[in-house]
Structures are given as structure tokens and as C-alpha cells.
Amino acid sequence: MSAPPETQLSPNARKFLEENTMRSIFGIPEEALDAVMATAYQLYQAGRYPEVEVLCRGLIAADHKYWWSYALYAATLRRLGRLREALEHLDRGLVYEPDAEKLVVMRNELRAAITREDAETNNNENAAA
């Protein structure tokens with residue numbers, strides 16, 4: 001059985017989805033997202049990162065324009081050792097909130113950590129050679 005063809009969005013549909021959040025389209029109450037954010041943060045503090053990851057993806061799907069979800073998601077990915085992926089999500093968040101100080105600081109910290117990680121890898125490879 002072959003896979004179904006990929007669905008292509010029209011430029012107008014893509015623009016509509018970029019400009020509008022699922023929260024606004026479906027009328028999701030802000031209080032509901034606040035409760036999910038509180039739960040995600042509590043799970044993060046408890047070190048339950050895989051669960052936080054799922055909740056953050058849901059929060060971003062519901063409101064892709066809000067910086068907080070990107071920040072917690074990136075922090076979670078960092079704890080999971082996925083630095084480059086964390087940086088990608090911070091960059092996405094900065095598209096919508098370019099002045100979000102927390103995202104900018106986290107991005108700079110991640111860039112520095114990735115640079116250190118790359119330098120360590122290069123040093124280890126050179127030492128092994």
C-alpha cells in the first residue's frame with residue numbers, strides 16, 4: 001500500500017495559519033493554556049523532561065506566537081542534550097518575539113555551549129588521530 005500524497009497548503013491557507021493561532025481559531029480559553037503551562041513547568045522542575053516536551057509541543061501548536069513555550073521547550077531539549085534542536089526552537093520563537101530577552105539570552109548560552117561541544121569533539125578527534 002502506498003503512502004497518501006503530501007497535502008500542500010495554498011499560499012493563502014499558509015498565510016492564514018501563520019497569522020492566526022489554533023487557540024484563536026478553536027476558541028481555546030487562555031486559562032486552559034495557563035494550566036498546561038503551569039503543569040509543564042512543574043514537570044520540568046521535577047525532571048520529567050519527556051512529558052514536558054510533549055506539553056510544550058502542544059502549547060506551541062495551540063499558540064505558535066507566544067515566547068514562553070519556546071523557552072521551556074528549548075530548556076527541556078537542552079536538559080535532554082539536544083542543543084541544536086533547542087537552538088532551532090529558540091530561533092522560531094524569536095521570529096514572533098524578537099525582543100524576548102529570555103529567548104535572546106538562552107540563544108546566546110546555547111550557541112556558546114554548542115561551540116564548546118564542537119571544540120571538545122575536535123580535540124578528542126585530534127587526540128585520537
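The values are calculated or read from the model by the stated rules, or taken from the named source; none is laboratory data. What you see is a predicted model, and the numbers here were worked out from it, not measured in a lab. When we count neighbours, we look across all protein chains shown, and the Cβ atoms used for this are built from the backbone with ideal geometry, even at glycine. Just so you know, the surface numbers come from the protein's heavy atoms only, side chains and all, with ligands and any DNA or RNA stripped out. Shrake-Rupley method; radii C 1.70, N 1.55, O 1.52, S 1.80 Å.
In the full protein context, the chain carries 67 Å² of accessible surface per residue, based on a 1.4 Å probe and ignoring ligands, DNA and RNA. Between helix 101-128 and the chain there is an angle of about 40 degrees, using the helix long axis and the longest principal axis of the Cα atoms. Rounded to whole Å, the principal axis extents of the Cα atoms in the stretch 54-128 read 47, 26, 14, largest first.
Where does the charge balance sit around residue 76 when Lys and Arg score +1, Asp and Glu -1, over other residues with C-beta under 11 Å from its C-beta? Overall, the nearby charge balance is +2.
Relative to the dominant Cα principal axis of the chain, helix 49-62 is inclined by about 40°. All Cα-Cα separations within the stretch 1-125 were binned at 10 Å from zero, giving a P(r) of 12, 34, 31, 17, 5, 0, each value a whole percent of the pairs. Shape analysis of the stretch 18-83 based on the Cα gyration tensor places the equivalent ellipsoid semi-axes at 22, 13, 8 Å, largest first. For the chain, adding -39500 (n - 2.57) for each run of n ≥ 4 DSSP H residues and dividing by the number of residues yields -25000 deg cm²/dmol at 222 nm.
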